[in-house]
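First comes the structure, then the notes that go with it.
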Amino acid sequence: MGFPANVYAIPPMTSDLRHPALVEIQRLFDARGALQYGEAINQIEHALQCGSLAEQDGATPDLVLAAWLHDIGHMQHRNAAAAVAQGSDDMHQVLGAKLLAQWFGPAVAEPVRLHVDAKRYLCKRETGYWEHLSSVSKRTLEIQGGPMTEEEALAFERAPFYADAVRVRRWDDMGKQPGAITQSHAYFMAIAASRVHAD
């Protein structure tokens, strides 16, 4: 990625960053962003890589935010790593979408809600997709229901934002590289500040 080397730093809490959405996003990254759940990188690194890939791919600001925040539900969960280890679905996509829908439009929340379904969809529709998933993604796929049936895939294709969810899923799969150069946390916080709904 062609971005300056990232250093995770808490952005200054200016008036723009005192909105409840931004305070909560920051709190979750501070509290659980350093956690790992089987992948080679932590939540912060994964989020930054996915957001940077989305931007590099020409995504809209809302879709960049969705990519950056698609796994925020893992950080809301009491112990996402234990859930994965125990074969339990933490439903992080639902938790994250519900949180984000309070403050951002469906163009942010819906791709987050659908990104797990997008993995199941691509396993059904795209030959060779499953083989390229990480071992953790393969394990969680089974917990999440396995590849879609044909009926499920057709229904998914009719869902608003399904194509955006597929894009988020692809960045999700790509954004797991140790040492990748990305945009900064403060950079994405600034995008969030520009997109958040007023109270």
Exercise. Straight-line reach from K176: which aspartates and glutamates have a Cα under 15 Å away, not including same-chain ones fewer than 8 places off?
Worked result: E39, E45, D71
Seminar exercise, completed: Note on segment 89-199: alpha-carbon gyration tensor, axes a ≥ b ≥ c; rule is a/c under 1.5 for rounded, else prolate if a/b larger than b/c, else oblate; result oblate
Problem set entry | segment 47-63 - phi-based ³J(HN,Hα) in whole Hz, Karplus 6.51/-1.76/1.60, Gly and Pro as x | 4, 5, 5, 5, x, 5, 4, 4, 5, 4, 8, x, 5, 5, x, 5, 6
Exercise. How about K98: which lysines have a C-alpha closer than 21 Å to its C-alpha, ignoring those fewer than 8 places off in the same chain?
Worked result: K119
Exercise. Looking at the P(r) of segment 15-195, how many percent of alpha-carbon pairs lie beyond 30 Å?
Worked result: 11
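Read-outs: derived from the displayed coordinates by stated rules, not from any lab. Because the structure is a prediction, the values reported are computed rather than measured.
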